[in-house]
Amino acid sequence: MSQWCTPDICDAYPDDVRVLHLALNSYGGKSNFYGEVVTIKCHEDNSLVKEQASKPGNGRVMVVDGGGSLRRALLGDMIAEAAVKNGWAGLVIYGCVRDVDALADLSLGVKALASIPLKTEKRGIGDLNVELEFGGAVIKAGDTVYADNNGVVFSDSALDLTKI
């Protein structure tokens, strides 16, 4: 596949993409990533993130709605390492991460609001593959997400990137 960027995707497919209106920081070793969306809704409990990271990712991307909480990290180095091992392309997190130096060394895309050193309590609370709405976008399981240093965009299905 040729190199792509989200501005070119927006220009080529203006009616087919939904732009995330959030200033997310890039923490992973891959700044440019895409894949089919798996949604997780959780608040200060990353049990489902950990569970999904231990399953085959097949190039998919976890989109995690943590309610924008800046109080607990929904991703750290151990879960991220499991995600890499199991073939996940990345995570887009409406919340925080930790272990940022270790995340930067991994072949994984990670976008999040901020970092904080506190981990979550694992209470097993959260919802998998539910419709999410944050940052001005509605996100559904099975959508395709494209993320780079310019931003994050979603489409209902995979786009033909050879047109850009």
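Nothing in this text is a laboratory measurement; each read-out follows from the coordinates by a stated rule. Bear in mind that the values here come from a model prediction, so they are computed numbers and not experimental data. Counting neighbours? That spans all protein chains shown, and the Cβs are built from the backbone with ideal geometry, glycine included.
Look through region 15-25, keep the residues that are under 15 Å from D160 (Cβ atoms) and in a loop (DSSP other than H, G, I, E, B), and return whichever of them is nearest to the chain's Cα centre (by Cα).
Once the filter is applied, the top-ranked residue is D16.
Are there any pairs, at least 6 apart or on different chains, whose C-beta atoms fall under 6 Å, with the first in region 78-90 and without any contact (Cβ under 8 Å) to a residue 60 or more places away in the chain and over 10 Å from G59 (Cα atoms) and the second of a type outside the set (A, V, I, L, M) and surrounded by 18 or more Cβ atoms within 10 Å (Cβ to Cβ), and if so, which?
Listed by first residue and then by second, the contacts come to I79/K50.
Mind listing just one residue for me: the one in region 71-92 that is of a type in the set (A, V, I, L, M, F, W, C) and under 20 Å from Y34 (Cβ atoms) and, of those, surrounded by the fewest Cβ atoms within 10 Å (Cβ to Cβ)?
Residues of region 71-92 that are of a type in the set (A, V, I, L, M, F, W, C), as a first pass: 73-75, 78-80, 82-84, 88-89, 91-92.
Filter again for under 20 Å from Y34 (Cβ atoms), leaving 75, 80, 83-84, 88-89, 91-92.
Working: L75: 31, A80: 27, A83: 29, V84: 18, W88: 25, A89: 23, L91: 30, V92: 25.
Top of the filtered list is V84.
Considering only residues that are touching a helix residue (DSSP H, G or I) at 6+ places or on another chain (Cβ under 8 Å) and either of a type outside the set (V, I, T) or surrounded by 18 or more Cβ atoms within 10 Å (Cβ to Cβ) (or both), which ones fall in region 14-51?
Selection gives V17, Y27, G28, G29, V38, I40, C42, N46, V49, K50.
Return the total of residues in region 99-117 being crowded, with 23+ Cβ neighbours inside 10 Å, among the charged types (D, E, K, R) and either in a helix (DSSP H, G or I) or without any contact (Cβ under 8 Å) to a residue 40 or more places away in the chain (or both).
Matching residues across region 99-117 total 0.
One residue is enough: does region 43-65 have a residue meeting the conditions out of contact with any Cys (no Cβ under 7 Å at 6 or more places or on another chain), of a type in the set (K, R) and within 14 Å of D143 (Cβ to Cβ)?
The answer is yes, given that some residue of region 43-65 is out of contact with any Cys (no Cβ under 7 Å at 6 or more places or on another chain), of a type in the set (K, R) and within 14 Å of D143 (Cβ to Cβ).
Name the one entry in E121, E81 that is more than 30 Å from D8 (Cα to Cα) and not in a helix (DSSP H, G or I).
On the way: E81 fails: not in a helix (DSSP H, G or I).
None of the others qualify; the one that does is E121.
How many residues, within region 129-164, are of a type in the set (S, T, N, Q), part of a loop (DSSP other than H, G, I, E, B) and within 23 Å of C42 (Cα to Cα)?
Residues in region 129-164 being of a type in the set (S, T, N, Q), part of a loop (DSSP other than H, G, I, E, B) and within 23 Å of C42 (Cα to Cα): 1 in total.
Please tell me if G59 is within 25 Å of I9 (Cβ to Cβ) and in contact with a Ser or Thr (Cβ under 6 Å, 6 or more places away or on another chain).
no
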